[in-house]
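The values are calculated or read from the model by the stated rules, or taken from the named source; none is laboratory data. Note that the structure is predicted; figures quoted are calculated from it, not measured. Positions of Cβ are generated from backbone atoms using ideal geometry, with glycine treated the same way; all protein chains shown enter the neighbour counts.
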Amino acid sequence: MSLRAYVGCICLALAACGDADEPTLGEPVRFPVPGCEAFDPTPCDVREPACHVRLFGMASCLRGNVPGSLPPVSVISEDEYAEYLSGVYAELEPRPDPDHRERALVLLDLAVEGALQPETRIAEGADFAYGVYRWEPDDILIIDHGDHRDDFASAVLVHEFVHALQDRDVDLEAFEEEFGESYDSYLAVDAVVEGEAELHQARYAASMLGLDPASIDWTEHFQSGLDRAAVEMLEEESPYTASWYRFPYRWGGRYMHFTWLAGGNAALANRFMAPPATTQVLMASSNDAIEPQFTPTAPPRAERARWANVEDTVLGAWTVFVLLARADKSIDLAAELALGWRGDLLSVLASEPIDAATSDTAIVWRIDFEDEGTALEVASALGEGAGNEGAQVVLERSTER
């Protein structure tokens, strides 16, 4: 069973909630959430059952659901959440030694050594998570990092209640397993899940903070969050894992906002029936939620004598963008080139015997682009080990000396 199956859906900090140290001037006059005027948007103490009932009603209204039974809610400390994650990892298969997948990511400058190891994942998860919906027990954890505020926690709880309602509609574990087969498709599919929760969280948070929802440029709200996340990715040590905390929320939030504008909650529900299969679709949806414009190609897996193929996955347009932006291309140019992605396959190879301490790791990443000019520019930017064969970039690197 995957870690994702244990943990469920994680909520990160909501930028609109402001700085925890920001002074307040008393309770603001609050505008109702459009369409949910019957529900009071005032923040409440998420430790109290009455708060759970009211905010679950709000989340249900935002989605157009009948509330049904209330999921249990617990508030725990960061240390307690880290302890929970430690128990989760203790039940999973240990990482292999040598860890060829992690080595492959290091070779690609997508991770640092140790990025996939349990102690790193536990520390990172405990630091980043503010709320978690766990689909197997159907409950919610709110993580108090020692800076608890009712307004922030209330918005997080609405986000997690949205996940609980999604799960009842579509079975989130089955949904992500069916459509999220590769790294790229997983990010795209998770963007539907987290994007809808971000949308409804923002709709609630505006009224909660005393803002008039009618006065907000919502398209700019979601775009500015996305723009900040793109810049933040340039500073990440391990963008492969950091993408789980950035892409689904920010690119998914924009995409599901456009989806909602086009057809309301019915259109959002339809995304769960036919979600975008690639990050390229979400990245290209800069003005509306577009439909796929092409069928991605499937380059052949790499084969080498005396080397075993230990993993194949699709890294997608998003990873192309991240590497180009980190290779000193401007964010705008990196995004433009990445949108020319038409398919890829990363093959991770290990010299035999693959479990020996002396086993080396090699990667072959074949990336198809819409034209030769784009491929040539991408290959030049990716540098050592990269060349283009027509409209395909082939990047090869190895730990072998």
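Can you pull out the residues in the stretch 223-263 that are among the polar types (S, T, N, Q) and surrounded by fewer than 18 Cβ atoms within 10 Å (Cβ to Cβ)?
To start, the set of residues in the stretch 223-263 that are among the polar types (S, T, N, Q) comprises 223-224, 238, 241, 243, 259.
Once the filter is applied, which keeps residues that are among the polar types (S, T, N, Q) and surrounded by fewer than 18 Cβ atoms within 10 Å (Cβ to Cβ), the stretch 223-263 yields 223, 224.
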For this session: Scan the stretch 127-141 and report the pairs whose first residue is touching a residue at least 24 places away in the same chain (Cβ under 8 Å) and surrounded by 14 or more Cβ atoms within 10 Å (Cβ to Cβ) and whose second residue is in a strand (DSSP E or B) and of a type in the set (S, T, N, Q), with Cβ atoms within less than 8 Å and a gap of 6+ or a chain change.
Result: 139/74; 140/74; 141/74
For this session: Please note which helices (runs of 4 or more DSSP H) are completely contained in the stretch 164-234 and include at least 1 residues that are under 28 Å from residue 40 (Cβ atoms).
Result: 183-208, 218-233
Seminar exercise, completed: Residue hits (the stretch 178-188; surrounded by fewer than 24 Cβ atoms within 10 Å (Cβ to Cβ) and in contact (Cβ under 8 Å) with a residue 12 or more places away in the chain) are 179, 182, 183, 185
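Quick check: is even one residue across the stretch 189-199 over 29 Å from residue 120 (Cα atoms) and not polar (S, T, N, Q)?
So in the stretch 189-199, the residues over 29 Å from residue 120 (Cα atoms) come out as 199.
Okay, now just the ones that are also not polar (S, T, N, Q), so 199.
Yes, the stretch 189-199 contains a residue that is over 29 Å from residue 120 (Cα atoms) and not polar (S, T, N, Q).
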Exercise. Restricting the stretch 337-357 to residues that are over 20 Å from residue 94 (Cβ atoms) and not hydrophobic (A, V, I, L, M, F, W, C), which is modelled with the lowest pLDDT?
Worked result: 352
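Would you confirm whether any residue within the stretch 318-329 is exposed (fewer than 15 other Cβ atoms within 10 Å of the Cβ) and not aromatic (Phe, Trp, Tyr)? Outline the logic, then answer.
Filtering the stretch 318-329 for residues exposed (fewer than 15 other Cβ atoms within 10 Å of the Cβ) gives 327-328.
Remaining after also requiring not aromatic (Phe, Trp, Tyr): 327-328.
Within the stretch 318-329, one or more residues are exposed (fewer than 15 other Cβ atoms within 10 Å of the Cβ) and not aromatic (Phe, Trp, Tyr).
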Exercise. When you go through (1) at pLDDT below 95; (2) buried (at least 18 other Cβ atoms within 10 Å of the Cβ) one by one for residue 379, which number turns out not to apply?
Worked result: (1)
For this session: Return yes when residue 72 is surrounded by fewer than 18 Cβ atoms within 10 Å (Cβ to Cβ), of a type outside the set (D, E, K, R), under 16 Å from residue 139 (Cα atoms) and in the same structural domain as residue 158 (by TED's automatic domain parsing) and no when it is not.
Result: yes
